[in-house]
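The values are calculated or read from the model by the stated rules, or taken from the named source; none is laboratory data. In this text, all values refer to a predicted model and were calculated from it rather than measured experimentally. FYI the Cβ positions are ideal-geometry reconstructions off the backbone, even for glycines, and counts take in every protein chain you see. Each accessible area value is taken on the protein alone, full model and side chains, heavy atoms only, with ligands, DNA and RNA left out. Shrake-Rupley method; radii C 1.70, N 1.55, O 1.52, S 1.80 Å.
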Amino acid sequence: MASRSIKASRSTLSSSSDLQDSQNGKPPLPPQVTHARRTSSGRYVNYSRDDLDSELSSGDYMDYTVHMPETPDNQPMDSISQKVEEQYVSNSLLTGGFNTTTRAHLMNKVIESEANHLQMAGAKGSACAIPGCGANMLSNERGNDILPCECDFKICRDCYMDAVKTGDGICPGCKEPYKTSEVDELFQTRQPLSLPPPAGMLKMERRLSLMKSTKSVLMRSQTQEFDHNRWLFETKGTYGYGNAIWPKEKGFTNGKDEYSGEPVELMSKPWRPLTRKLKIPAAVISPYRLLVVVRLVVLGFFLTWRVSHPNNDAIWLWGMSIVCEIWFAFSWVLDQLPKLNPINRATDLSVLKDNFETPSPDNPTGRSDLPGVDVFVSTADPEKEPPLVTANTILSILAADYPVEKLACYVSDDGGALLTFEAMAEAASFANTWVPFCRKHNIEPRNPDSYFNLKRDPYKNKVKQDFVKDRRRVKREYDEFKVRINSLPDSIGRRSDAYHAKEEISAMKHQKQNPDDEPIESLKIPKAIWMADGTHWPGTWLNSSPEHSKGDHAGIIQVMLKPPSDDILHGSSDDGIIDFTDVDIRLPLLVYVSREKRLGYDHNKKAGAMNALVRASAIMSNGPFILNLDCDHYIYYSQAMREGMCFMMDRGGDRICYVQFPQRFEGIDPSDRYANHNTVFFDGNMRALDGIQGPVYVGTGCLFRRIALYGFEPPRYKEDHPGCCSCCFGQRKKHASTTREENRALRMGNSDDEEMNMALDPKRFGNSSFFVDTIPIAEFQGRPLADHPAVKNGRPPGALTIARELLDASTVAEAISVISCWYEEKTEWGQRVGWIYGSVTEDVVTGYRMHNRGWKSVYCVTKRDAFRGTAPINLTDRLHQVLRWATGSVEIFFSKNNALLASPRMKFLQRMAYLNVGIYPFTSIFLIVYCFLPALSLFSGQFIVQTLNVTFLMYLLIISVTLCMLAILEVKWSGIELEEWWRNEQFWLIGGTSAHLAAVLQGLLKVIAGIEISFTLTSKSGGDDENDEFSDLYIVKWTSLMIPPITIIMVNLIAIAVGFSRTIYSVIPQWSRLLGGIFFSFWVLAHLYPFAKGLMGRRGRTPTIVYVWSGLIAITISLLWVAINPPAGTNQIGGSFQFP
């Protein structure tokens, strides 16, 4: 293994002209950094280092890389050194952090099995034939060795450069001079022109000129000759220093002096939208809105009647009931009013393909003009989040139907575990077979585990004759892949034990040779975790030691799959076990990231890990859009990202901060006992919010606009922005100029003339100037196409067909520095930039901050589920999950993110929805009281009203009927089933009487006493019974959250028996009061039925402590009631009934 130190700064290496060597027939020398001074005339005069040192007082001197000022058809050639650098980086494990040197460890071996893909880290190559060298040869995109001489003598890059410098360009094999033309053809690649811009250009144009010149590179005829006349006519470009700038002339404006990016002759073609808004039929939504109003009015009259007609016989019972009913009415209003304007949306993928991937005058080659997407996958504990689940998610991402060169996947391992690292390497190796197989046969879904476990016929609609044979071979490969993944813990343990024993033996031998050292008995060597190449794993060890524990380890970045080539690379019949002829075999960029953790730092859990990925990805790929997925949520629909991109690239899409997809789950029991599908929320509430300002962010399955995460406000936003339609109750008057500090946002330029107000000080984004430089590029690349006069703030078509920059070591070293534990100190990361800290539900807070700045979000429901994941079907795990969500809501309510403090940019109904998010856990207090009221009524023989008169019964009937009719209509427009609605109602009461109450208590403890709230990850692993898919459903694990619901059940059952006995043995039976109490008790018990059923388990596994606690509490409450309010006649309940 080799390692070297890297200075964390951007590389200044580039091509330099070497005319003298070319004239002498020598190949060009490797790139060198030169220094120059820019004169007043704009020329650059070369200076040596000594000359510069003597004139440092002048401000005109700078480090500068010399470029030849060529025309677009004669752009400077990039040296092979950049490809060598990228290959070195992709095969190196980079580590670093606070007060440590960033080091690159060359990985000769990443996993035990052999790397079989050209892009994969540790891929084997031919060795250099120079004696004593043995370095790997540089290979092209297909893995073939690059041989600079006709004799095919194998020579690495370093030896070749030595031969050029010291051997007069003579080949060590045949002793003949290297031919310059052939060397140029083999070693050099064409790169975009990047020169110092003219002094007259605007600052924004200087930043974006690189992307505006892409037409000059692509517009070539079939003869590969550059068409000057066509280029000058269609782009109105200019030659000379700098890039081809599209000047603002008459044909390039839309009449408002705004850049539109298209000549007038191209603006006449029909324009088709990428998305459509589908209204809910009036026959459904109109009665729904009418019923909401009717029920609201009836609730008002009912509460007025209840307040004016107290029960004087049991004023305490009446008082508790009226307080609870008022709160329930308020809670219902908060939940119901944001549902008044639900909408559906549809996308048109054919228009997206025509606009971005079809040959046109702006894109003659038809190369994809879609923006890049960086996919984030987060994991933290390989024991609770099995590596096989994460690996399947990674494979579904790598096989997604999106341009390969525009897609990058970043895996955040917050636990720093070697098990996760090697599982990702195994996934990258298996992707060599799985991804081309999916492309060849159009496989859906592209998660191999889900695909091979499909219940339907896998051969349906498969037209290629070799599909059966290919599927069988891939299935066999996947079975072997699963065996390797599942055996990783044992193989890592055996390997580490062997190396540890070898270390101990070596240490003992060394100690024997040096008797002056400490005695052998005191020799203790920490038991390390060893990688496949025989070196220490820099992350966490099983036996924690300093700098190798879960909260104390270095930052790690490993490029598992290096960036693909920009051109399609077709496979052949010799590529592997399957014939991949005419199939693109490239794989997207795959990067393993484990941020640095040190003792004494608050790492902010998942939000901190996501912010580290935001910075690292900006340095390495800088995709203008970010897709966030949990490790157990995989891509079920391969074109899901294209669907989301339709909204981002449509007219007005530049004001959309994120596209939220619904969460769909697998492995849920058929009856969905605990409402795990949560369809009422995902298909009801979220569709309704889409009609206001947009759905809330729910933590996964969300496509973000990167610039919105940086804290910028949407473009073209006016402070006196009027409200929308009456249903949204938007702000109608201009608000005060003063804005709360947390609501302030960076202003984005509305055109190239207006500068982005980035406030590029370290206080906001940190001290990485490299990172700051990526911000305007991401903003520009995320703009919609300026292909229509109505599109404002657009970019010119064809601007993103440019070839990417190659990775170098300094780039990855910079990525290491931005994931260090100290980087966020004294910055606004987690405050106004990135994922927001301070809550266990960082997702809701992050989305709230974006809406608070004026951004909009969109809900994308695809015909085929976009993503699928897993959910806990065990009762205890489900309650703990709900507890975490509710605790986050309580934190939001007591923080500055309370919707009551929102800015005027947030619409009224959107504010009401966010207010409901923070308030709903407090309903548990009133709900528990109300669940005990029927039992108290039966114990006391009283009721919440004086008598069950006609008025009370009519109000109760109207309220109940309108609720049922609203449920039916909501089921109609949301597409859910009535049974799902009922399951949601049941679990609302189960969660409200258990987890929500505990969340309120925890939130109050944090606010009052400052006690931090800790939570555990939801386990993604299955049950012990492999033969039963739903074995987890029957496992009963004791938790204190079960005490309140069990007590409610027991007390209500005892109360029904006591009330029935009282009425039967009474001299004057009060049947009306008995029926009222029993009716409400049965209402409570019906809602708690799934909870009671879950306690029964399957084989009588209910813990004894459950029944002991429940029985003791129920008996205690019953005896206390008898003691407080004894029945008439000492111990007589009624009639001849006597206590024993």
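Taken one residue at a time, the phi angles of segment 418-434 give Karplus couplings (6.51, -1.76, 1.60, θ = phi - 60°) of 5, 4, 5, 4, 6, 5, 5, 5, 5, 5, 4, 5, 5, 4, 4, 9, 5 Hz. Gly and Pro are set to x.
Here each label is just a point 7 Å from Cα along the line to Cβ, and for E503 and K462 those points are 4.8 nm apart. I need the shape label for segment 590-680. Rule: rounded when a/c is under 1.5, else prolate if a/b > b/c, else oblate, with a, b, c from the alpha carbon gyration tensor. Oblate shape, in that a/c is at least 1.5 and b/c is the bigger or equal ratio.
Take the Cα of D582, step 7 Å toward its Cβ, do the same at W1083, and the gap between the two points is 6.7 nm. The Cβ shell under 12 Å around K482 holds other residues with a net charge of -2, Lys and Arg each +1, Asp and Glu each -1.
Give the residue list of trypsin sites (Lys or Arg not before Pro) in segment 322-358 that are DSSP loop and have at most 16 other beta-carbon atoms within 10 angstrom. Here no trypsin sites (Lys or Arg not before Pro) fit, given the DSSP loop and packing criteria.
Calculated FRET efficiency, D773 to D567, Cβ-Cβ distance, R0 = 35 Å: about 0.80 to the nearest 0.05. Per residue, segment 624-666 exposes an accessible area of 16 Å² to a 1.4 Å probe, with every protein chain left in place. Our coupling estimate for segment 636-647, obtained by passing each phi through the Karplus curve with A = 6.51, B = -1.76, C = 1.60 and θ = phi - 60°, is 8, 10, 5, 9, 4, 5, 5, 4, x, 5, 4, 6 Hz, Gly and Pro reported as x. Computed from backbone phi with θ = phi - 60° and the Karplus coefficients 6.51, -1.76 and 1.60, the 3J(HN,Hα) list for segment 450-464 is 5, 5, 6, 9, 5, 7, 8, 5, x, 9, 5, 6, 9, 9, 6 Hz; x is used for glycine and proline. Less than 5 angstrom separates the built amide H of L589 from those of L407, C409, all sequence-distant by 5 or more or on a different chain. Per residue, segment 818-908 exposes an accessible area of 29 Å² to a 1.4 Å probe, with every protein chain left in place. Inter-label distance, V298 to T166: 9.5 nm, where each label sits 7 Å from its Cα along the C-beta direction.
Can you sort S92, S621, S769 by 1.4 Å-probe accessible area, starting with the largest? Could you put the intermediate results ahead of the total?
On the way: S92 0, S621 45, S769 80 Å².
The residues order as S769, S621, S92, largest area first.
Between amide H atoms placed 1.01 Å from N, distances below 5 Å from F712 occur with L746, all of them 5 or more places distant or on a separate chain. Length available on full extension from L454 to N898: 0.36 nm per residue minus the Cα-Cα distance, which gives 155.4 nm. Counting protein heavy atoms only, segment 448-569 has 51 percent of its accessible area on carbon and sulfur, 1.4 angstrom probe.
The simple Förster model, with R0 at 56 Å and r as the Cβ-Cβ distance, assigns E825 and Q511 a FRET efficiency of 0.85.
Given their separation in residues at 0.36 nm each and the Cα-Cα distance between them, L290 and I525 gain 77.0 nm when the chain is fully extended. In this structure, the residue pairs whose Cα-Cα separation is over 22 Å, taken from K469/K863; K856/K972; K353/K460; K792/K856; K440/K462; K279/K972, are K469/K863; K856/K972; K353/K460.
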